[in-house]
Amino acid sequence: MDITSPCVVTLIWTLSDAQGQLIDELNEPVEFLYGGDDLLPKVEEALAGQSVGFEAQLHLEPEQAFGDYDADLVCYEERSLFPEAVEPGMQFEGLPDGATTEGMPDDLVYTVTEVYPSHVVLDANHPLAGMALRIQLKVMDVRDATEDEVSAGTVGDSPLSVLNGAPPDEPLH
């Protein structure tokens, strides 16, 4: 079966930065909805019309991956707004109740990057924002997508979905 939208592709991959430093390795095959929300557009473009056994090495600039780093998505909030055990790497959906920073989106995941006695530094950038990436991938399987997968726009919690909120010091899947 050729890869056409919508279908489910099963991939393995190695993800590294532009200097070849390993970021993530997906050794066990994982399913992704091709034509949905699971894959980056440049990855889908490379997979179009391919079939099982296809291998590719892609270079993605930040704008083709997780965007440029935006310093405006970093803010400081009072330490008292957070749990006592707050520490770098913790994540929160939206800003905490009582936040004073104005103009920050409520629908983003904020990662704690630093904790001080008086304040906490939050960053809503994707952990890989601003990075050029290399991805080496292999198609292990292709199947028809179910109606549920198509209507959801995803197979489930794919590693790229998890990437959208993964702390930078933890595995991406």
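Read the figures in this text as sums done on the coordinates, not as results from a lab. These numbers were taken from a predicted model, which means no experiment stands behind them. Note that each Cβ is placed from the backbone with ideal geometry, even for glycine, and that neighbours are counted across all protein chains shown.
Points to keep in mind about this one:
- Three semi-axes of the equivalent ellipsoid, region 71-123, Cα gyration tensor, whole Å, largest first: 16, 11, 10
- Between Gln91, Gln19, Gln50, the residue with the greatest mean-square fluctuation in the GNM of the chain (Cα pairs under 10 Å linked by springs) is Gln19.
- Between Pro117, Pro29, Pro96, the GNM of the chain built on Cα springs shorter than 10 angstrom shows Pro117 fluctuating the most.
- Set against the 2.2 N^0.38 Å expectation for a compact globular protein, the chain has a Cα radius of gyration ratio of 1.17.
- Under 11 Å from the Val115 label point (7 Å along Cα→beta-carbon), backbone N, region 81-105: 82-91
- Legend: calculated FRET efficiency, Asp148 to Leu22, from the Cβ-Cβ distance at R0 = 45 Å, rounded to 0.05, equals 0.85.
- DSSP beta bridges fully contained in the chain are about 100 percent antiparallel.
- Counting Lys and Arg as +1 and Asp and Glu as -1 over every other residue whose Cβ lies under 14 Å from the Cβ of Arg134, the net charge comes to -4.
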